[in-house]
There are 2 protein chains.
Amino acid sequence: MAKQKPRTLSGFMELLPARQVQFERMAELLRKSYSLYGFTPLDTPIIEASEVLLAKAGGETEKQIYRFSKGDSDLSLRFDLTVPLAKYVALHYADLSFPFRRFQIGKVYRGERAQRGRFREFYQADIDVIGDGKLDIVNEAEIPSIIYQTFTALGLKRFQIRVNNRKLLTGFYQLLHWEHRAGDIMRVVDKLPKIGAEKVGLMLYDEIGMDQDAVGEVTRFISIKGSNQEVLTALEEYRGKSQVFDQGLDELNTVVKYLGAFGVPEENFTVDLTIARGLDYYTGTVYETFMTDHPEIGSICSGGRYDNLAEYYTDKQLPGVGISIGLTRLFYVLEEQGYLNDQLITSPADVLILPMTDDLAPAIGFATRLRSAGVRAQLYTEQKKFKQKMTYADRLGVPFAAFLGEDEIAKNAVSVKDMLSGEQETMPVDQAVERVRAAIRERGNAAPIREQTSD
Amino acid sequence: MAKQKPRTLSGFMELLPARQVQFERMAELLRKSYSLYGFTPLDTPIIEASEVLLAKAGGETEKQIYRFSKGDSDLSLRFDLTVPLAKYVALHYADLSFPFRRFQIGKVYRGERAQRGRFREFYQADIDVIGDGKLDIVNEAEIPSIIYQTFTALGLKRFQIRVNNRKLLTGFYQLLHWEHRAGDIMRVVDKLPKIGAEKVGLMLYDEIGMDQDAVGEVTRFISIKGSNQEVLTALEEYRGKSQVFDQGLDELNTVVKYLGAFGVPEENFTVDLTIARGLDYYTGTVYETFMTDHPEIGSICSGGRYDNLAEYYTDKQLPGVGISIGLTRLFYVLEEQGYLNDQLITSPADVLILPMTDDLAPAIGFATRLRSAGVRAQLYTEQKKFKQKMTYADRLGVPFAAFLGEDEIAKNAVSVKDMLSGEQETMPVDQAVERVRAAIRERGNAAPIREQTSD
């Protein structure tokens with residue numbers, strides 16, 4: 001028969017089993033972390049009616065969308081989890097309680113140009129808090145603690161959450177009488193880490209048309225650096241001239257004030273006046289998160305406060321605050337940088353059971369005992385040579401192999417081999433279950449990320 | 001601004017938060033159950049190249065496929081998890097170890113006619129064991145125990161796994177000299193539960209063209225009933241006339257023999273000679289699973305042994321055995337039949353914390369304490385009247401509300417209200433954390449399915 005060459009589309013991540021386990025472990029920790037903060041899991045269709053999904057979209061996004069017809073229907077694959085959330089909240093408004101806190105980890109689709117490290121199908125892991133009419137500033141203050149706890153749970157230590165406030169920026173450009181171009185100016189300032197302060201100044205002068213004084217003011221403003229308290233103190237100089245600026249500064253003060261109570265160390269958090277987030281969407285606190293040793297990767301967790309989640313679907317005013325992790329890209333980067341913890345158990349089973357007798361009942365009984373104790377057990381019953389069986393155990397990376405021969409069965413015992421140390425010991429079945437369970441518990445709690453230490 | 005009416009496509013399940021939690025709990029238990037048996041999680045793209053995905057497909061399936069172009073690419077959405085598995089195993093053959101045991105829980109797409117209870121996007125939850133060249137019969141014997149443990153973990157008690165063997169059937173039709181129409185005959189016999197024995201007989205006579213004697217033999221064969229041992233004994237009568245039949249009978253004997261060792265009670269398992277599974281694909285043991293009180297729903301977990309998983313992609317002989325649960329449909333049916341356990345905690349948080357002072361630091365500290373103890377906590381900081389806050393707590397269904405006023409803070413205490421009993425008590429913070437944790441643990445282990453008892 002003629003064969004079809006098997007292949008996976010480029011831009012679509014498909015992992016080998018051990019890597020997939022590491023990915024799943026990250027997703028599981030995200031679910032757990034988000035749940036601890038009172039977010040409820042949500043799942044929405046990957047396909048939506050195009051007129052619903054694209055009610056807002058335009059420009060670059062629309063070009064990237066997977067859009068097609070089926071029968072009479074014009075359909076599209078979701079390109080983020082925010083638009084489906086807006087639809088969901090507008091559609092189910094009467095059945096929801098506000099603030100509505102949801103997390104969603106799901107695949108989204110963008111037909112980007114194929115390129116190493118760029119994905120056309122990728123997971124986003126989002127949380128959002130949606131208010132009905134109003135939403136308290138404390139929700140914005142809580143977000144950095146969620147980011148901090150989440151990455152800490154994943155095993156990352158050297159990262160920094162950078163925070164700014166859009167009202168502060170809008171107010172500042174009001175002071176300069178450049179508020180009509182605030183969005184364009186922010187997009188230029190956003191390039192700062194890539195192109196440096198000098199080029200930013202040139203672009204503001206050449207492209208935006210600001211005069212030297214205004215450019216100087218912008219440069220001075222985005223050069224405000226220091227501890228969070230030092231930055232906040234420096235910003236007080238601008239107070240009293242713009243209501244919007246003052247409100248933004250109050251909000252920023254509140255966010256910083258509660259950091260300690262929320263348990264976020266100062267070293268993982270910084271007020272950064274150059275952060276703006278490109279989108280017009282954001283109206284208050286904005287967040288970006290950088291790996292300290294890899295700023296070139298860009299933000300690994302971003303988001304912010306917005307005023308009107310579902311304006312394309314409803315007259316209800318639904319303000320919110322949310323963050324998003326591009327999980328597929330993050331995983332790719334962690335793998336590339338050697339940050340994945342290969343100490344994690346990635347085998348399909350904790351114990352591979354090798355029966356040495358024709359009657360399999362004792363081996364099956366042992367497997368059942370292990371599984372009841374929460375230990376993952378696989379029976380290996382293929383007719384192979386002993387050496388091949390051990391090669392299989394090695395390749396899977398199982399922590400333990402267990403042998404049940406006539407001697408063991410007669411004594412209600414089992415021979416357990418620790419595949420890491422190579423030590424083998426015959427012990428009663430009960431003891432074997434406990435021994436394995438304890439060892440697994442210890443290794444099973446390992447974090448999926450392991451930073452390279454320079455020392 | 002003109003609004004776009006929000007809607008979700010028909011045939012696409014989108015759940016409200018509490019229901020979604022029940023669904024997630026089922027998926028989580030499936031992952032856990034499959035993992036205990038040594039299956040590794042897999043994730044493959046939802047989009048595949050059409051020529052890869054449709055290497056085999058034809059007929060009804062092909063019509064239902066979501067197929068479209070993007071740029072120069074002819075793409076399709078996966079319609080099951082088996083074809084992507086075949087592609088994966090053929091593509092990554094050199095990197096896998098066999099037997100390769102994987103589970104996958106993911107969405108698949110079929111553009112079926114829209115109809116109540118039919119879904120165009122739905123989750124399948126599959127496990128498969130793939131051998132390289134050979135695969136031991138014990139793998140087929142283990143499957144019923146996985147089905148049994150999985151549904152038991154979900155909370156279902158009244159279900160029955162029905163098992164047959166395709167070699168037995170093929171061999172039997174050889175005896176009748178009707179092996180050339182075996183597939184067609186099996187498809188007729190498959191209708192037995194729906195149309196009854198008499199009509200099956202008529203169809204075999206009219207449509208297949210069997211003579212009265214042969215029809216009589218088929219009717220006699222599919223009427224063999226009784227305990228598993230009685231059925232196996234009755235089948236011995238046919239032994240010695242067809243090699244294929246004898247092999248099938250041996251396999252069936254082996255599967256039944258190990259049931260006890262695998263811990264499957266006889267009441268949940270029956271040899272049923274009328275089960276065939278429509279697909280030509282299956283070559284050995286076949287499985288279907290029925291809810292005892294709702295046979296009209298059809299099989300909720302089906303599968304079987306096959307000889308050649310990836311024949312469209314590779315010359316390698318890759319036999320396997322697998323089962324599949326249509327999770328979305330199962331969930332829909334359980335909800336319709338009132339089988340979902342509404343005792344399960346479905347709120348986003350275990351504790352809703354209501355600060356009663358301006359300074360939120362003590363409330364934030366309490367939230368952090370709860371979260372460190374694994375308790376899901378939500379801070380409620382909106383400016384609302386007390387009554388509105390309690391209505392919110394009620395609507396979310398949180399098990400506990402916690403109040404932190406000046407009195408409590410002064411004593412390092414918290415007032416905890418049990419939302420079910422209505423009882424409220426002020427206690428030290430440590431004690432509150434422990435109290436809540438213990439209560440949650442008890443309720444948190446509840447099964448997602450709760451059968452209606454007739455007594």
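Taking +1 at the Cβ of each Lys and Arg and -1 at the Cβ of each Asp and Glu, which of B:A393, B:L404, A:M186 sits farthest along the dipole of the protein assembly as shown towards its positive end, judged by Cα position relative to the Cα centre? Going by the charge dipole, the pick is A:M186. With both labels modelled 7 Å from their Cα along Cα-to-Cβ, the B:E434 to A:Q424 distance reads 4.7 nm. Rounded to the nearest 20, the size of the Cβ-charge dipole of the protein assembly as shown about its Cα centre is 660 debye, with Lys and Arg at +1 and Asp and Glu at -1.
Against chain B, whose longest principal axis comes from its Cα atoms, helix B:243-257 is set at around 30 degrees. Take every pair of alpha-carbon atoms less than 8 Å apart whose residues are at least six positions apart; their mean separation over the length of region A:351-444 yields a relative contact order of 29 percent. Within region B:351-444, antiparallel bridges make up roughly 55 percent of the DSSP beta bridges whose residues both belong there. Each of A:L75, A:Y93, A:V108 was scored by the projection of its Cα onto the charge dipole of region A:1-111, and the greatest displacement toward the positive side belongs to A:V108; charges sit on the C-beta of Lys, Arg, Asp and Glu.
Out of every Cα pair in region A:98-250, what percent are spaced more than 23 Å from each other? Everything past 23 Å amounts to 56 percent. Between identical copies, the spacing of A:G422 label points, each set 7 Å from Cα toward the C-beta atom, reads 7.0 nm from nearest to farthest.
A full extension of the chain between B:E236 and B:A373 corresponds to an added length of 43.3 nm, given 0.36 nm per residue minus the alpha carbon distance.
Each label was represented as a point 7 Å from its Cα along the Cα-to-Cβ direction; for B:K3 and B:D394 these points are 2.7 nm apart. Legend: calculated FRET efficiency, B:A197 to B:K157, from the Cβ-Cβ distance at R0 = 51 Å, rounded to 0.05, equals 0.95.
Output the 0 to 90 degree angle, nearest 10, between the alpha-carbon long axis of helix A:82-91 and the longest principal axis computed from the alpha carbons of chain A. Taking the Cα atoms of chain A, the angle to A:82-91 is about 80 degrees. Rounded to the nearest 20 debye, the dipole magnitude of chain B is 1380 debye, with +1 charges on Lys and Arg beta carbons, -1 on Asp and Glu beta carbons, and the Cα centre as origin.
Lysine pair count for region B:193-306 (Cα-Cα distance under 24 Å; residues 8 or more apart in sequence or on different chains): 5. For the residue pairs A:K63/B:K63; A:K134/B:K384; A:K107/B:K107; A:K167/B:K389; A:K87/A:K134, alpha carbon separations beyond 21 Å are given by A:K63/B:K63; A:K167/B:K389. Comparing Cα centroids, region B:85-99 and region A:346-372 end up 24 angstrom apart. Distance to the A-onto-B rotation axis is smallest for one chain A Cβ; residue and value in angstrom are A:F68, 2. Computed over chain A, relative contact order equals 17 percent, with contacts defined as Cα pairs under 8 Å that lie 6+ residues apart. Going toward the positive end of the dipole of region B:220-350, with +1 on Lys and Arg Cβ and -1 on Asp and Glu Cβ, which of B:T254, B:Q337, B:S324 do you reach last? My answer, from the dipole projection, is B:T254. For B:K63, the label point sits 7 Å beyond Cα toward Cβ; its separations from the matching points on the remaining copies run 4.0 nm, from shortest to longest. Distances between equivalent label points of B:K241 across the copies, with each point positioned 7 Å along Cα→Cβ, amount to 10.2 nm, shortest listed first. Computed from Cα atoms, the angle from the helix A:212-222 axis to the main principal axis of chain A rounds to 30 degrees.
Taken over chain B, the percentage of Cα pairs per 10 Å bin, counting from 0 up to the bin with the maximum distance, is 4, 17, 23, 22, 16, 10, 6, 2, 1, 0. Note: relative contact order over region A:60-204, using C-alpha pairs below 8 Å and six or more positions apart, is 15 percent.
The calculated FRET efficiency for A:Q229 paired with B:E406, based on their beta-carbon distance and R0 = 35 Å, is about 0.80.
Values in this text are rule-based calculations from the coordinates and carry no lab data. Source: prediction; values computed, not measured. Virtual Cβ from ideal backbone geometry, glycine too; neighbours counted across all protein chains shown.
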